Amino acid sequence: MIKFLKRLVKKKLVKKNSLCYNYSQGCPHCCLRNTVNKERSVRYMPVNSIDFATYLNREARMRDLYVNVTKLQKWLYICYGLHLALNDGAQLLDEMPTAREYGPFFPNVHNMQKDLKNNLRTLERRISIDDFRQFDDIIDATLRHYGDWTAQSLVDLTHEPGRAWDKTYQDGEGRFRTMPNDDILADFKEMLG
């Protein structure tokens, strides 16, 4: 499923553990976790899910990609899972996905999409683009590989048997339950090899 992303890691276009939130601790650049001074702990600070979704929506529109509620939610989930896998389980967003009928959904983002009638462009003024540049490699990989996929194709991708959504959703009994990061991490580590 993610052969494309495996190639990116192999070609070092996306580095494992490359997204460090350690700027305030003195790290001069995004660095490998192992190269950070042992005296300092690397602290991964989750970012606001609505702000990240707004930035992701902006990047998709700049590439002339069709965006709807479901596609944005699935791209968000892919970015979330990739970040977990590439950063030793560090959570990208300040909320975790829940299992819904159409796959993983981030509740705060979903509620904001409903309130704004999926027009996240109105929020673009409130975010600082520079705050999200550190995620460009994950966003780029996600949109290059999955940008042209239909919403239904992305739903099918997240509904594969035995994956995190399937384990949580359990034929509807787990609807609205939070999907465990350990299951998502296992899925994406397996996909990345």
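The values are calculated or read from the model by the stated rules, or taken from the named source; none is laboratory data. Quick caveat, the model's predicted, so the values are computed rather than measured. Neighbour counts are summed over all protein chains in view; Cβ atoms, including those assigned to glycine, are modelled from backbone coordinates with ideal geometry.
Here Pro161 does not fit the description of being farther than 17 Å from Arg58 by Cβ and either within 16 Å of the chain's Cα centre (by Cα) or of a type in the set (Ser, Thr, Tyr) (or both).
Given the options Asp94, Asp166, Asp64, name the one that is over 14 Å from the mean Cα position of the chain (by Cα) and either among the hydrophobic types (A, V, I, L, M, F, W, C) or more than 19 Å from Met191 (Cα to Cα) (or both).
Unique residue meeting the criteria: Asp64.
Of the residues making up the range 66-113, those that are among the hydrophobic types (A, V, I, L, M, F, W, C), part of a loop (DSSP other than H, G, I, E, B) and closer than 14 Å to Ser153 by Cα number 1.
One line per residue, one yes/no per condition, for (1) of a type outside the set (Lys, Arg); (2) within 14 Å of the chain's Cα centre (by Cα):
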{"position": "Lys74", "(1), (2)": "no, yes"}
{"position": "Arg126", "(1), (2)": "no, no"}
{"position": "Phe132", "(1), (2)": "yes, yes"}
{"position": "Phe135", "(1), (2)": "yes, yes"}
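Looking at Leu143, Leu120, Leu86, which one is at pLDDT 95 or above and surrounded by 14 or more Cβ atoms within 10 Å (Cβ to Cβ)? Break it down into steps so the answer makes sense when it comes.
Numbers: Leu120 fails: at pLDDT 95 or above; Leu86 fails: at pLDDT 95 or above.
From the options Leu143, Leu120, Leu86, the qualifying one is Leu143.
Which is hydroxyl-bearing (Ser, Thr, Tyr) and under 22 Å from Arg63 (Cβ atoms), of Tyr102, Tyr146? Just one listed residue meets the conditions, Tyr146.
In the range 170-193, the residues that are at positive phi reach residues that are polar (S, T, N, Q) and not in a helix (DSSP H, G or I) with C-beta atoms within less than 6 angstrom, at least six apart or across chains, in these pairs: Phe176/Thr98. Scanning the range 164-193 for residues that are aliphatic (A, V, I, L, M), assigned to a helix (DSSP H, G or I) and either modelled with pLDDT of 95 or more or touching an Asp or Glu at 6+ places or on another chain (Cβ under 8 Å) (or both) yields Ala164, Ile184, Leu185, Ala186.
Within the range 106-114, identify whether any single residue is without any contact (Cβ under 8 Å) to a residue 40 or more places away in the chain and more than 24 Å from Tyr66 (Cβ to Cβ), and answer yes or no. No. Cβ-Cβ contacts under 6 Å between residues 6 or more apart (or on different chains), taken from a first residue in the range 132-156 that is more than 14 Å from Leu82 (Cβ to Cβ) to a second residue that is aromatic (Phe, Trp, Tyr), are listed as Phe132/Tyr55; Val155/Tyr102.
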